[in-house]
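Reviewing the structure listed below.
The values are calculated or read from the model by the stated rules, or taken from the named source; none is laboratory data. The structure presented is a predicted model; accordingly, all values stated were derived computationally and were not measured. When we count neighbours, we look across all protein chains shown, and the Cβ atoms used for this are built from the backbone with ideal geometry, even at glycine. These accessible areas exclude ligands, DNA and RNA; they are computed on the full protein's heavy atoms, side chains included. Shrake-Rupley method; radii C 1.70, N 1.55, O 1.52, S 1.80 Å.
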Amino acid sequence: MADKAYQGAEGLVLTPYKGKDKPESQKRANRAHAKLRGPGERANARLKSWKILRKLRCSPSKAGHLCKAIAVLQNHRVAQAA
């Protein structure tokens, strides 16, 4: 799933429809696309605010596990606030 900037990308890259005055079917498809991309976009934005990731000095595989743990903690925090 990609944003509109990747329009024309080949392969399995899914992008929303561009332009104004789209038919209702394309608007529905764009809304569904945004619903799927939204949580990932928010998680990436939140990961940037965690100071521990700014000067991380470990193997990439451990960094991935750390990011997953932070995402779980962040989602838990958001769920409790709601």
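When the range 39-67 is examined, which residues are found to be assigned to a helix (DSSP H, G or I), loosely packed, with under 11 Cβ neighbours inside 10 Å and within 14 Å of the chain's Cα centre (by Cα)?
Of everything in the range 39-67, just one residue is assigned to a helix (DSSP H, G or I), loosely packed, with under 11 Cβ neighbours inside 10 Å and within 14 Å of the chain's Cα centre (by Cα), namely A45.
Out of the residues in the range 1-31 meeting the condition of being open to solvent by less than 70 Å² (accessible area, probe 1.4 Å) and not in a loop (DSSP other than H, G, I, E, B), tell me which one is farthest from A71 (Cα to Cα).
That would be S25.
Test each condition in (1) of a type outside the set (F, W, Y); (2) open to solvent by 70 Å² or more (accessible area, probe 1.4 Å); (3) touching a Pro at 6+ places or on another chain (Cβ under 9 Å) for A34 and report the one that comes out false.
(2)
Of all residues in the range 8-54, how many are without any contact (Cβ under 8 Å) to a residue 12 or more places away in the chain and in contact with a Lys or Arg (Cβ under 6 Å, 6 or more places away or on another chain)?
0
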